[in-house]
Amino acid sequence: KRKVMYGYVFILPFIIGIIVFFAFPLILSLALSFGKIDKIVGIKVTLTGFENYVRAFVIDPSFLPTLWKVAKQVAIRVPLIIVFSMVISILINKDIKFKGFFRTVFFLPFLLGTGHVMNQLLGQDIANDTLATARGIIVPPEVMAYLGSSVGNAIDAILNEITLVLWKTGVQVLLFLSGLQTIPVSLYESARIDSATEWEMFWKITLPMMSPMLLLNIIYTIIDSFTDMSNPILSYIQNTSFKQFKYEYAAAMGWIYFVLIIIIISIVFYALRNYVYDTSYERKVGKKWRQE
């Protein structure tokens, strides 16, 4: 009971922040999506039904293509981020020199490359300069000229995705590291005694024991990818609202986007729920064994 109270104390500021600063704008945006503003001062809203939603799906020629583009980007980047962060976390969890330095290096982009900072870097063509340097090292200009423009464009696209993946793995690596450190060392020792290889231990021990953290990382990465500041759909909604002053239509697009994210997360959670290993069983058995 004491630990439960500690949990409530820690999340209390978040709950207060949602009630005070988030609940009213959320309800107001939902009302705006089903109506129109008749009075700016005081924001008087007259309900008009599904007019704004019909406009998003039927009339607007840009919303659905932009939404589909974002969905494809998320479908490509989320598996890459998860796989890369898991591999990196397993490597730097080994007993190697400068372990703390490598952990800091992989977490540093998360601190520097989010939000406004990331937008400024992209706006100054830092990504293009980095890609040009990497392309020159990996594929010399002579080879690139021989391969042609189509292959060069494909290489640019691959390097671009790799760069973004590197920038987006800080939190995932940290979460995977915390999960790896909770796996009992005795499991690996027993497996080595039974002549298990590293590959077999990964699939039989590491991955099952890491499945709760894996599910958490997948959901976090999906949300982070959909809410990234460089996301074109967010820029489109923001421009519609604050530059074109179409607050009602922007609210409708925002709610469509929100519902889409909830649906995708629900599908992922439902699909992976049977593969999540229940580590609480081991904790209960261990507690009972210690009591006896």
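The values are calculated or read from the model by the stated rules, or taken from the named source; none is laboratory data. These figures come from a predicted structure and were not determined experimentally. Reconstructed Cβ throughout: ideal geometry from the backbone, glycine too, with neighbour counts over all protein chains shown. Areas reflect the complete protein model, heavy atoms only, side chains present, ligands, DNA and RNA absent. Shrake-Rupley method; radii C 1.70, N 1.55, O 1.52, S 1.80 Å.
Quick notes
- Candidates are the residues of region 243-252 that are part of a helix (DSSP H, G or I) and not hydroxyl-bearing (Ser, Thr, Tyr); the one that is most open to solvent (accessible area, probe 1.4 Å) is Glu248.
- Filtering Met201, Met229 for residues that are surrounded by fewer than 19 Cβ atoms within 10 Å (Cβ to Cβ) and more than 20 Å from Thr66 (Cβ to Cβ) leaves a single hit, Met201.
- When residues of region 1-30 are limited to those that are within 20 Å of Ala252 (Cα to Cα) and without any contact (Cβ under 8 Å) to a residue 24 or more places away in the chain, the one surrounded by the most Cβ atoms within 10 Å (Cβ to Cβ): Leu28
- One residue stands out among those in region 52-86 that are in a helix (DSSP H, G or I) and of a type in the set (Ser, Thr, Tyr): the one that is surrounded by the fewest Cβ atoms within 10 Å (Cβ to Cβ), which is Tyr53.
- Some residue of region 253-271 being more than 23 Å from Lys36 (Cβ to Cβ), open to solvent by 60 Å² or more (accessible area, probe 1.4 Å) and modelled with pLDDT under 90: yes
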